[in-house]
Structures are given as C-alpha cells and as structure tokens.
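> One structure coming up, written as structure tokens, with questions to follow.
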Amino acid sequence: MLSFPWWLSLFIGFFSLSVEILWVRVVGFGFKTLPFAFSFVLACYLVGIALGAAYGKRLCARAQNLYVAAAMVLAIAALVDALTPAAISTFLTPERLWAYTLTIIVAAGLKSVLFPIAHHLGSLAEGPRVGSSVSKIYFGNIIGATLGPLATGFFALDHLNVDECFLLSGAACLLMSMACVLKSGRLLYIGAPLVAALLLSLFAAQAARPGIGSLGTLAVGGPGAITRFAANRHGVVHYVRSPFGGDGVFGGNVYDGLTSVDADLNANRLDRLYLLALLHPHPRRILVIGLSGGAWVRALEGFPGIERIDVVEINPVYVDLIRTYPDLAPLLADPRLQIHIDDGRRWLKRNPDERFDLIIQNTTYHWRANAGNLLSREYFTSSKGHLNAGGIFSANATGSFDVLATAQAVFSSAYRYANFVYASDHPLSPDLSRLAGVRRPDGKLFVLEQPRFGSVADFLATAHLDPAATFIAEHHADAQVITDDNLVSEYRHGLRSALEPAALLALLPPAAAEFEVNAAPVDAAAVSSTAPAAPAASLAPAAADTPNR
C-alpha cells in the first residue's frame, strides 16, 4: 500500500512542474516568445528548488512534527500560487526582470521545501532497506513531475486561462495542507490552511479573472484595446483595434498582421502576396504555411485558375476567430480550400508526394523561439522538393539577412522585395499585365490605369526584385545560412531582450528602414528622434519587417 509521504511526494512533483509550465507561458507571453524565456524560467526554478530543499533539510532536523511543518509551508504556497495573477497584473513587467526572478524562485522554493520532508517521513527504514524506501518516495515524485506538465500543458491550458490554473494549484495546495494537518494529529493547526482558504476566497475574484486575465496587462495594446481573445495549449491569441482598418492580430503577444483585405488602403501590404501573380503565369496548386488572421488566404482566392489551396496552421483557434469577421469568413466556405491543423514542417514530411506551384509562408519574426524550424536550410530544401517545375517559394524574411542567404543557398534564384524573399529554380521577373486578371477580395478586378496612391496596384507598378546575393553585398550584412543546428536566426542574430533597441524596429511605421537588424547596430536615440511615434497598440501595418497576413 502506498504511504501518505509517497502521495505527498507525487503531489509536490505534479504541482511544482505544473506551475513551472504556467510560468513559461507567462514569461514567454511577457517577453514576446523570445527563445530565452524557457531557459530563464528553468534557471529560476532550479535555484528555487535548491534553496527550498536546503531549507527543507533544516526543517527535518529541527521541526518536532514534520506533518505540521508541511501543512504550514503548503498553506503559504497556496497563497503564493493564488495571488500570482495579482502579482503579474501589479508589478511583473519586462522592465522588472528581478521581479520575475524573485517571484519564480519563491514559487519553486516553497514546494521544494517539502521534497526532503517527504523523503524523511517516507524513509524510516534502516540498514540495507533505506535505499529501497528512498527510491520509492523518489519514484512517486518522478511520476508527479511527469504527469504535471502533461496535464497542465495539454489539458488544463486548453480549457482554463493562466489565472484559473494558478488558482487551481493554490486550491490543491490548501487541500494537501489540510490533509497534512489531519495526518499530524494536531488539529489545532488546522487554522493555518483555513486562514489561507479565507484569504484565498477573498481575493479569488481579483486574482483569477476570466478571459485574458492577468496577461492582459502584459499584452501589446493593453486590455482595453483587445477585441478578441483565445487561448489553448498552442498559445495565446489576441486581436487589437487598429487605426489602419481591421484588427491587429497578435499570436503569443507578437504582431502577426491585420485582418484588413482592402486592396486600396493596402494596410496589410498585400502587394507582397499579389506579386506572386505577376511572377507565376498559371498557379493551380498553392500551399500556405500559417493561416493566422486569414487575410492573405482571403486575398489569394482571387488568383485566376487556382484549383486547390492547402493551408497548414498549427493553432485551430484562428479558424474560429476568422468566422467572426464578415470580410474573412467567406474563405472558409471556398471548396478549393483545405485547412490542415498541423505543424507545417511535419505536414510536408507526412505528404512527400504533394506538389505545388506556389508555397507561401508569411513567417513570423525570425527571432522568436522555434522560428528557425521554418527558416532553416533543411526546411527550405524540403519545401523546394514540393515545388512543381517553375514553382515559386516565398517567405517573410522579417528583416533577417540570414533568411535571404539561406534561400540563396538552396535555390538557384532568390530575390528580395520589401521584407519578403522569392525563390525558384529559374529567374523571376514580374509581369504587371497579369494583375489585370486577378480579382480583389471585394470582387472587383484590379485596374492598372492610374491606380490609387498607396494601393496594391500602385505598389506593384514599380515593384522591383533585388537578387538576394546582391542585396546582401550592398548592405555589407553579416549573413549566415540558417541550419537546424546553428539557431542563427534566434540566438546569434536574434533579440536578446524584448527591450532591445532593435526590437523597436518591429513597432515603427513605414519610415523605418528595411533589413537593418543584422546589418548594423541600431541607435535607439536616433530611432526615437527621427521616426514618428508608433501608432496605438504598436500596429504599423506597412513596417518593413512585420509579418502581415
């Protein structure tokens, strides 16, 4: 029969690692999914575990009743977990890294205090049997540490927001605290978890708010500007009111584009998409990696002669959000459209025989965690293998010269237009006359004569493709080929902090220079003094290195 200390050990592992998963989401969201977010949380957690275990050792030597000591610690841990959302809303900001560090260490340390206590209580055997008894308790902790991240990451976050998960952890700690008091036989100490429960109930309404909850204070645009919000195990998506038409789409708190499909306003820089109609004479099969807000796929439907559009999107929540926009919802009823909920790279591997005339990926920022999976030489090579003869591969370089260099290394012809790269096995040259056969999302055909200033047709009238190699050489850029192993885009040429001056480039309006992330250091003072202020909610639709879709 499994002892109470065994269950205590399992509980510690389960909720300690569960809360770590919650902190990864909080820090990842607050720091805009920088790849350092996970390692930062892990480092803080390890420090907290070490400090907590050291204090737990002292308790084992001094406490008269370890069950009472465990109950007191669990009551405090319950309050810390339950009030964490309030802390996030009050003082946890990217500027206060020390606050994140201290809070995570405390959260991890409190639960780890119980680790040596559980082993002390469950390892009463002596002589040759002590090893067996210790391993049994440790095994319970491993089971809990394995199940915790799975239950939280795959199930809890699919149905509850971060605040509610923190509150659930706090409630569980309270129940275990009461169980420890009952096990101790000192019912007088039941007051500690009861007081903690009273305080928790008083602050629960403020601590765990529905919807985006405490993450709203970290969200770009602020909670007051958020028009739509959804979260699941894949991440957090929120939409923000935009002065440029449509709403701004943010995935993981990073700008992902606009819902606008107005070809005259061209806030979404749809000219980068329609350029493909000028480069390929008769695209019939099209693959789009990343649906996101759906605006680009909606515009793509107007290309003449298309027989099928395959879209691969890892987060199904975008499909539900698209249904709420009248200008975008019609794309879901297009019989030519096939949406696959999957990872783009994995889908290509699972469908080796599929071939396309166009492969389009309006990739998110190159510096985000795991972005290299869709920017590496190996991935570009796989994509090239899925192109028909004369097919074109296009991707958003988001200001990275490394993406241009990688495309140049894989394809015989690679070009740059705006912040996009276009690559193929043959030279590319735009033919503006083809635009006249393309139908806009509003049902009208493009008019080439005297196009409206700033419209899609106006941009394409002077569109020019720069050979990637020439463009890199002209800017003296330190461009390297991205591989699955070197993580160049995320670490060497990525952002070190969400507060770096280079990060401001993503928030600047059209006056910001293109492709300057890796070419030279950014002068923050010069940026702030010469460029106009970023618009509300940092929605700069035509900024050179923003992924609009």
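> What are the trypsin sites (Lys or Arg not before Pro) within the stretch 306-398 that DSSP puts in a loop, where the Cβ has at most 16 other Cβ atoms within 10 Å? Present the calculation step by step, with values, prior to reporting the outcome.
Values: sites: Arg308, Arg323, Arg336, Arg345, Arg346, Lys349, Arg350, Arg355, Arg368, Arg377, Lys384; in loops: Arg323, Arg336, Arg355, Arg368.
Here the trypsin sites (Lys or Arg not before Pro) that fit, given the DSSP loop and packing criteria, are Arg323, Arg336, Arg355.
> Right, here's the next one. List the relative contact order of the stretch 259-496 as a percent without decimals, with contacts defined as Cα pairs under 8 Å and 6+ residues apart.
Working: 463 pairs, mean separation 56.2, N = 238.
Rounded, it is 24 percent for the stretch 259-496.
> Here is a follow-up. To make sure I understand, if each residue's beta carbon is the centre and we count other beta carbons within 10 Å, what order do His366, His386, His493 fall in, fewest to most?
Numbers: His366 29, His386 18, His493 23.
Lowest to highest Cβ neighbour count: His386, His493, His366.
> Summing Lys, Arg as +1 and Asp, Glu as -1, what charge do residues with Cβ under 11 Å from the Cβ of Arg492 carry, Arg492 excluded?
Values: positive: Arg496; negative: Asp402, Asp478, Glu490.
Net charge around Arg492: -2.
> Report which label in (1) 51, 23, 22; (2) 42, 31, 20; (3) 35, 32, 25 holds the value of semi-axes √(5λ) of the Cα gyration tensor in Å derived from the coordinates of this structure.
The listed entry that was calculated here is (1).
> Only Cα pairs under 8 Å and at least 6 apart count here; give the relative contact order of the chain as a rounded whole percent.
On the way: 1088 pairs, mean separation 82.2, N = 549.
Once divided by the residue count of the chain, the mean separation gives 15 percent.
> Give me the net charge for the shell around Asp158: Cβ to Cβ below 13 angstrom, other residues only, Lys and Arg +1, Asp and Glu -1.
Values: positive: Arg25, Arg233; negative: Glu164.
Local charge sum for Asp158: +1.
> How much net charge surrounds Leu435 when only other residues with a Cβ under 12 Å from its Cβ are counted (Lys, Arg +1; Asp, Glu -1)? Before the final figure, lay out the partial values.
Details: positive: Arg434, Arg439, Arg440; negative: Asp271, Asp431, Glu449, Asp458.
So the environment of Leu435 carries a net charge of -1.
> Also, I was wondering about something else. For the modelled label position 7 Å from the Cα of Ala63 along Cα-to-Cβ, which residues of the stretch 164-178 have backbone nitrogen atoms closer than 20 Å?
170-178
> Also: Do you know the relative contact order of the stretch 339-436, to the nearest whole percent, from alpha carbon pairs under 8 angstrom that are 6+ apart? The partial results should precede the final answer.
Details: 139 pairs, mean separation 24.3, N = 98.
Relative CO of the stretch 339-436 lands at 25 percent.
> Just in the stretch 430-496: which GluC sites (Glu not before Pro) are loop by DSSP and have at most 15 other Cβ atoms within 10 Å?
When the GluC sites (Glu not before Pro) of the stretch 430-496 are filtered for loop state and at most 15 Cβ neighbours within 10 Å, Glu449 remain.
> Enumerate the helices in the chain for which the Kyte-Doolittle hydropathy averages 0.5 or more and the C-alpha atoms extend at least 15 Å along the helix's axis, using complete DSSP H runs.
Numbers: long enough: 4-30 (38 Å, 1.45); 36-62 (39 Å, 1.29); 66-90 (35 Å, 1.85); 97-112 (22 Å, 1.33); 130-150 (31 Å, 0.91); 162-184 (33 Å, 1.44); 191-207 (24 Å, 1.79).
Helices passing the filter in the chain: 4-30, 36-62, 66-90, 97-112, 130-150, 162-184, 191-207.
> Calculate, for Val134 and Thr324, the FRET efficiency according to 1/(1 + (r/R0)^6) with r their C-beta to C-beta distance and R0 41 Å; round to the nearest 0.05. Before the final figure, lay out the partial values.
Values: r = 56 Å, r/R0 = 1.35.
Efficiency, from the Cβ-Cβ distance: 0.15.
> I would also like to ask the following. What FRET efficiency comes out for Leu199 versus Phe154 if R0 is 22 angstrom and r is the Cβ-Cβ distance? Round to the nearest 0.05.
Values: r = 31 Å, r/R0 = 1.42.
Step by step, r from the Cβ atoms, then E = 0.10.
> Can you sort Thr103, Thr84 by how many other beta carbons sit within 10 Å, fewest first?
Numbers: Thr103 21, Thr84 29.
Ordered from fewest to most neighbouring Cβ atoms within 10 Å, Thr103, Thr84 come out as Thr103, Thr84.
> Further question: Subtract the Cα-Cα distance of His426 and Asn351 from 0.36 nm times their separation in residues, and report this length gain in nm to one decimal.
On the way: separation 75, 0.36 × 75 = 27.00 nm, distance 2.45 nm.
Answer, rounded to one decimal: 24.5 nm.
> Further question on the same structure: Rank these for me by crowding, Leu332, Leu188, going from fewest to most other beta carbons within 10 Å. Intermediate results must be reported in sequence, preceding the final value.
Working: Leu332 14, Leu188 10.
Fewest-to-most ranking of Leu332, Leu188: Leu188, Leu332.
> Further, regarding this structure: If each DSSP helix of 4+ residues adds -39,500 (n - 2.57) and the sum is divided by the residues in the chain, what number results at 222 nm, nearest 500 deg cm²/dmol?
Details: 17 runs with 231 residues, N = 549.
My calculation for the chain gives -13500 deg cm²/dmol from helical runs alone.
Throughout, read-outs are computed from the coordinates displayed, never taken from laboratory work. Everything numeric in this text was worked out from a predicted model, so none of it was measured. Methodologically, a virtual Cβ is constructed for each residue, glycine included, from the backbone with ideal geometry; neighbour enumeration extends over all protein chains shown.
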